[in-house]
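Everything below concerns the one structure shown next.
Taken together, the values in this text are just the output of simple stated rules run on the coordinates, not laboratory data. The model shown is predicted, which means the values in this text are computed figures rather than measured ones. No Cβ is skipped: glycine too gets one built from the backbone with ideal geometry, and neighbour counts run over all protein chains shown.
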């Protein structure tokens, strides 16, 4: 099969006005950070998500690093994080001197298991970082209750959950802060980019300072101070307005993008459910009180051997499917930071068993049916079929 006919795991796509807006951003002679298009994006998120302040960043990683500074993380502080997540979730706080406390995830949504959090809280705990895996919300009410009881910050890593909701409330607006990603693999993208969402008014001014290399430059340009200087920690977290122009073109079409992804996601769900039951494979679980973002569609295979065969099977048919995270508690760096193999058994099993199918904004019906047909032509050999309690076994 030719490369041209291969189906990639992801394919970033234009929505219509990206190049026009990029050209306009250059013509406005303010292509650096916080130009016209950056302000358009800020206003969009603040209104759409109902947050106090949105600040674009160069990545979701940088948004998390800003959050760590805003939480005043000090050497020896502890941060509770899911083991099944990307390294940025943890790195942002470790860079400030924190010790990650790895918590296992639920067997249904694969999110931070709220029932296991409180036993991990100590006098050194400062932050809980729920990650809305696959854009499906964590159980935020009990997480927020635990945080309030112990005086902890909550930073939502919502890299995958843009426009998702928990009990009617926007993801990213529930904790003290939230973060978004606009990496090329995300629903809304600008190649590389992110945003910090701030829900506490008292954090806004300091967040602007941190984002502007530790200076009160933003206040100066608003006429709030007569000169600006170095007043706090900070770094250069601002993206170019050229990237913001690209992002704004995508945000203008957010509804059609989400509608398309919903169509694709539901196409997988409807057509693969029967096959999955017969083969002992599990598909995503979305609780009734959650509105997901339709970010990704995964399968949980019965074993590492079956997943390896499955990925090879699809590759042979010109389809690129990939696994996801390795459990951080048993990773080389995780072990150095106090993690241990066997500490988070569900996360460790997911590392061996989960596989993601192609899903991108420009995916055609013909491409999706090629994937569906290829998946359904795979026969699991393992005698161990997936059961609801299998991941926890």
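Structural remarks
- Percent of Cα-Cα distances greater than 22 Å, calculated over the range 170-256: 39 percent
- In this simple spin-label model, placing a label point 7 Å from the Cα along the Cα-to-Cβ direction at both residue 29 and residue 48 gives a separation of 3.1 nm.
- Residues 221, 44, arranged from fewest to most other Cβ atoms within 10 angstrom of their Cβ, appear as 221, 44.
- Look at the alpha carbon pairs under 8 Å that are at least 6 residues apart: their mean separation over the length of the range 33-136 gives a relative contact order of 25 percent.
- Altogether, the Stokes-Einstein calculation at 25 °C and 0.890 mPa s, with the Kirkwood radius of the range 18-252 over Cα pairs as Rh, returns a diffusion coefficient of 137 µm²/s.
- Residue-averaged [θ]222 nm for the chain, counting only DSSP H segments that reach four residues, each worth -39500 (n - 2.57): -11500 deg cm²/dmol
- Centroid-to-centroid separation of the range 324-341 and the range 7-74 [C-alpha atoms, Å]: 31 Å
- Averaging 1/r over each pair of different alpha-carbon atoms in the range 158-208 and inverting the result gives 11.6 Å, the Kirkwood hydrodynamic radius.
- Exposure proxy shown here: for 119, 169, 206, 282, the number of other Cβ atoms within 10 Å sets the order, fewest to most, as 119, 169, 206, 282.
- Contact order for the chain, expressed relative to its length and based on alpha carbon pairs under 8 Å spaced 6+ residues apart, stands at 22 percent.
- Extension gain, residue 379 back to residue 288 (0.36 nm per residue minus Cα-Cα distance, nm): 29.7 nm
- As a proxy for reagent exposure, ranking 36, 246, 84, 153 by other Cβ atoms within 10 Å from fewest up yields 36, 153, 246, 84.
- Share antiparallel - DSSP beta bridges, the chain, percent rounded to 5: 60 percent
- Acute angle (nearest 10 degrees) that the helix 60-70 long axis makes with the longest principal axis of the chain, alpha-carbon atoms: 50 degrees
- Largest GNM mean-square fluctuation across 99, 361, 205, computed for the chain with C-alpha springs under 10 Å, falls on 205.
- A Förster radius of 41 Å combined with the Cβ-Cβ distance from residue 226 to residue 369 puts the calculated FRET efficiency at roughly 0.05.
- Average silhouette area of the range 254-392, convex hull of alpha-carbon atoms, in square nanometres: 10.0 nm²
- Rounded to whole Å, the principal axis extents of the Cα atoms in the chain read 72, 53, 36, largest first.
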